[in-house]
1. Counting other beta carbons within 10 Å of each Cβ, put Asp81, Asp324 in order, fewest first.
2. Counting Lys and Arg as +1 and Asp and Glu as -1, each charge on the Cβ, what is the dipole of the chain about the Cα centre in debye, to the nearest 20?
3. Taking every Cα atom in segment 646-686, find the radius of gyration and the maximum pairwise distance Dmax, and write them in Å.
4. Whole Å is fine, so just give me how far the alpha carbon centre of segment 477-509 lies from that of segment 375-394.
5. Choose one of Ser692, Val225, Asn344: the residue whose Cα lies farthest towards the positive end of the charge dipole of the chain (beta-carbon charges +1 Lys, Arg; -1 Asp, Glu; about the Cα centre).
6. For Asn523, list long-range residues whose amide hydrogen, built 1.01 Å from N in the peptide plane, is under 5 Å from its own amide hydrogen.
7. Which whole-number percent gives the relative contact order of segment 341-457, counting Cα pairs below 8 Å spaced six or more residues apart?
8. Among Lys366/Lys390; Lys522/Lys684; Lys308/Lys424; Lys132/Lys167; Lys557/Lys580, which pairs are too far apart, with a Cα-Cα distance over 28 Å?
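No lab work stands behind these numbers, since they all come straight from the coordinates. Here the structure is a predicted model, which means the values were calculated and not measured. Cβ sites come from the backbone with ideal geometry, for glycine too, and all protein chains shown count toward neighbours.
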Amino acid sequence: MAVLGKIRNQGVILILVIALALFAFIIQGVLTSNGQKQDDAVGYIGDTEIDRESFARKVENASQNRGANFSQIQAVNSVWDQEVRNAVLAQQIEAAGIKVTDEKVAELVKANYKSNPQFQNEDGSFNESQFKSFVQNIQQVNGAGWNDFITGTATNAQQEQFFNLLKSGLIATNADGEMEYRMENDNRTFSYVNIPYTTIADSLVEVTSSEISDYVNKHKNQFKVEAQRNIEFVLFEDKASQEDKDSYKSDLSKLLSEQTLRNLNTKKDYTVPAITEAEDLNAYVAQNSDLPYDNRYVMVSNLPAAAKAVANVEEGSTFGPYEDGEYMKLSLVEDKKVINDSVNNRHILIAYQGAQRADPSITRNKEAAKKTADSIFNLIGQSKSKFDSKFEYFKENKEVANGQDIGWVVYSGNARNYAAGFTKFLYENEEGTVGIAESAFGYHIIRIDEVAAPKDAIKLATVAKKVIASKKTGKELFTKTVKFQKAAKDGDFVALAKENGITSTPVNNLKPLDETLPTIGKNRRIIQWAFNEDRSEGDIERFETSRGYVVVKLNKKSAAGNMSSEEASAKVAPILRKEKKAKLIMDKIIASEVSEIANNQGQAMKTAASVNRKNPTIPGVGEEPLVVGTAFGLDQGATSKPIAGDNGVFVIKVTAIETAPDLQNYTSNANTIATQAANQSTSKLVEALKKSVEIEDNRAVFY
């Protein structure tokens, strides 16, 4: 009561305190850690803002449409690419004056649903009123999503018109067609000598950091990179200790004998029989196991490695407890027998109304279907010829029954795809048997045509318990992780990992929207942490994952821009090394004849026959466009100067010029060029437009 009195007396002060706290909370949500206003846009494409709420809605729709295997980041990237495409094209479409009327959009929307039986009358025509009701319902349930769909439909229609206009303006002239024809059909034959770059050891050619830096500066567009992070991490895996496993073994071992247990609710004792004395093994397993009872036999050859020895156990005896993957198991051998693993068969199916996958036109009930099956079977008996006659008839006339050639059904393979009653008949009868089996699909009149691959099989009743770490083990793991985290802040991360018997995993060149890490799998939290603007090199953090605790160290931060000489070295050093080797080789070439150069350089003189510019490949060497291009610039009998090719330094001598005959016109070739240009125009235009605008990408901030 005294407390309530104080609250009443100081009510105004409390209200002010609460108001200030709420204000601080709101301000914190809109300001960054630097005190700047947080931008709520996912990005900007030129002047177009990508609204966060709309973007999130589209990401959710994309995720639902693509299914569980499509990750959130994949959905984010898909929607972003579409938003960028739409934004860069919008200005061009507006400049072209392309409009789409509401009537056209409505027509396009209806076209998406016209083939759906839900919106069709009995005669197959489109049910307008049904569709309107559907739209009204969607607008009430998800109005924003429906508006996105309408906007997207209009945008797609505008883009289609725009691209059609673009493609219609792409033509190729007769001269273009002739050039294409000549590139493909004019040939050159030349003798050559190739002094490969590999004749000079890399160790003899030095490439300096400054040379790499100069090259990068001259080719800046080739070396632009996103912001990147280098991290390393260790995983303290959440797994059961040996003590935990022994505890599971002990618990399962209790099932080998009768137990008296107490029901904590009723305070009464009850008896649990030994697994060998259980009257209903299905119920026994269901009550005591984390995995369901499996009524099927297992081929002895397919038993898991941990259970191979169970094949030597007698019927009615047990095997285990034993560890099998994530589970501790105790198995009872119910039965052993030889099963024909493969059975070739055909059947006549008599379905009924309500049976699985039954044709909607079937009106007979289950009893009538059984009578029909019995009647047909009585006519057939065990006669192969009579079965074949009825089978062929019902294969063509499916009103009463359906004849189907099933083919080979493999017990250890595709048998699981078939109904249990159907497969039970297959594996309990001999070759040539005809009989009736019942399944969820109806009544099957089956003939077993052939059996093969008899194998030893075993039926097990297995009680399995998933082995998970105990609370004690979990606490010990947490303590060990925290201890490592603290030590790593001042110590050697890799050395500490070795001391703890775990592996330090380096991950370099992480990008802002990466989502997968080795051994850990998808984990955006770790990547977002690494890219947080407040992070510094050397920072260490602990994360809890589905696999255990992960301790991460940020090793390096790289801002977006051009690669450093160190980062570009792997790409640039081979280029510069090749240039230097080319000069060294050229300086050694003194002779002017190909054969003489070949002798001097210890290389063989070879011939490249009928080479064209469309496919500038020298047999046995590879693509050499500069060498082949040089050949087309020489007269017959002329010898080239040394050429720095892709694979070595070449000197060539043209020995034959083959000029293809002139054509009356080159329309066909011109059309080919125009078609190729049209097919590539869409993507090339979009890429060009993307390069022409400034794009601010904030996806990694929100996802």
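1. Details: Asp81 12, Asp324 18.
Arranged by neighbour count, lowest to highest, Asp81, Asp324 become Asp81, Asp324.
2. Details: 84 positive and 93 negative charges, 297 e Å.
About 1420 debye.
3. 18.0, 46
4. That distance is 74 Å.
5. Val225
6. The list, which skips near neighbours in sequence, is Thr516, Leu517.
7. 44 percent.
8. Correct reply: Lys522/Lys684; Lys132/Lys167; Lys557/Lys580.
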